[in-house]
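Novice: The structure under discussion is supplied below as structure tokens; questions concerning it will follow.
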Amino acid sequence: MIVNVKATNKHNGEVISYKLEGDGDAGFLYEGTHMQEVADNKIREVNNTLILQDSPLYTIKSGESAEIERMSFDIEINAE
């Protein structure tokens, strides 16, 4: 499954968009790298939010969308 991620920084309005590939059981990859090992600090920070226990990333199904509001980011995910 492919998950489109769009994160808006609440402090400066910067928007980060990217795709994760995988599933809730096996985990997700960003461009072939495990989502927690991504070198880009901004993407890794968003990914760290997405791996939290209450994140819909692990329960979302193809065709569904979800929104996550945290202290630093508003995050939208959409599963293809």
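Novice: Aspartates and glutamates within cross-link reach of Lys19: Cα-Cα under 18 Å, excluding same-chain residues under 8 positions apart?
Specialist: Correct list for Lys19: Glu31, Glu37, Asp40, Glu45, Glu64, Glu67, Asp74, Glu76, Glu80.
Novice: Could you work out what % of the accessible surface of the chain is carbon and sulfur, using a 1.4 angstrom probe and leaving DNA, RNA and ligands out of the count?
Specialist: Within the chain, the accessible surface is 45 percent carbon and sulfur.
Novice: Ok, one more. With the contact rule set at Cα under 8 Å and sequence spacing of 6 or more, what percent relative contact order holds for the chain?
Specialist: Across the chain, relative contact order equals 36 percent.
Novice: Please give the length that would be gained between Thr33 and Val15 if that part of the chain were fully extended, namely 0.36 nm times their separation in residues minus their C-alpha to C-alpha distance (nm, one decimal).
Specialist: Working it through step by step, the gained length comes to 4.4 nm.
Novice: Give me the accessible area per residue for the chain, probe 1.4 Å, as a whole number in Å².
Specialist: Value returned for the chain: 61 Å² of accessible area per residue.
Novice: Give me P(r) over the chain, computed from all C-alpha to C-alpha distances, binned every 10 Å, as integer percentages.
Specialist: Calculated over all Cα pairs of the chain, the distribution is 19, 59, 21, 1 percent.
The values are calculated or read from the model by the stated rules, or taken from the named source; none is laboratory data. This is a predicted model, so every value here is computed, not measured. We work out accessible area using only protein heavy atoms, side chains counted, and drop any ligands, DNA or RNA first. Shrake-Rupley method; radii C 1.70, N 1.55, O 1.52, S 1.80 Å.
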